[in-house]
Amino acid sequence: MVLYFYPKDFTLGCTAEAKTFGARRGEIEELDAEVLAISSDSVESHGRFAMECDVGFRMLSDLGGRVRKTYGAESLFGLIPGRVTFVIDKKGVVRRVFSSQTEPKRHASEAIEALRGLQG
């Protein structure tokens, strides 16, 4: 599984990240994985955002930030929710963590690289 946390629907970086994951979803599925995205935006906002970005994967709402906190995907300087991607194997073990606020498109590439490593 590729689980990524992102700051906010409809922002420039988050839109680029979602579209990149959406465009590369086929590669991820070929590696026997799926993508899940999480932010603290509402379910309604996620619905509009997912349609606008044509992602083809589930976007989950974490209104209180409990899931984010559980994974340790903390905020940047306590203000901006972190942009963190986790690659999790079939046993539920986190195999790769990639965190970068400034390189949203790179998250998909890092995830695919990690998934390939798990296969070979």
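Computed over neighbours whose Cβ is under 12 Å from that of R116, the net charge equals -3, Lys and Arg +1, Asp and Glu -1. Summing Lys, Arg as +1 and Asp, Glu as -1, what charge do residues with Cβ under 13 Å from the Cβ of K105 carry, K105 excluded? Around K105, the charge tally is +1. Placing R0 at 35 angstrom, the Cβ-Cβ distance between Q119 and L79 gives a FRET efficiency of 0.40 after rounding to 0.05. Scalar couplings 3J(HN,Hα) for the stretch 54-70, obtained by applying the Karplus form with A = 6.51, B = -1.76, C = 1.60 to θ = phi - 60°, are 6, 7, x, 9, 6, 10, 9, 9, 10, 3, x, x, 5, 5, 4, 5, 4 Hz; x denotes Gly and Pro. Computed over neighbours whose Cβ is under 14 Å from that of R24, the net charge equals -3, Lys and Arg +1, Asp and Glu -1.
Under the combined filter of DSSP loop state and at most 11 neighbouring Cβ atoms within 10 Å, the stretch 17-120 retains these chymotrypsin sites (Phe, Trp or Tyr not before Pro): F77. For Y4, the residues 5 or more places off, or on other chains, whose built amide H falls under 5 Å of its own are L36, A37, I38, F86.
Just so you know, all these numbers are worked out from the coordinates, no wet-lab data involved. Please read these numbers as outputs of a predicted model, since none were measured by experiment. Here Cβ is always computed from backbone atoms with ideal geometry, including for glycine, and neighbour counts include all displayed protein chains.
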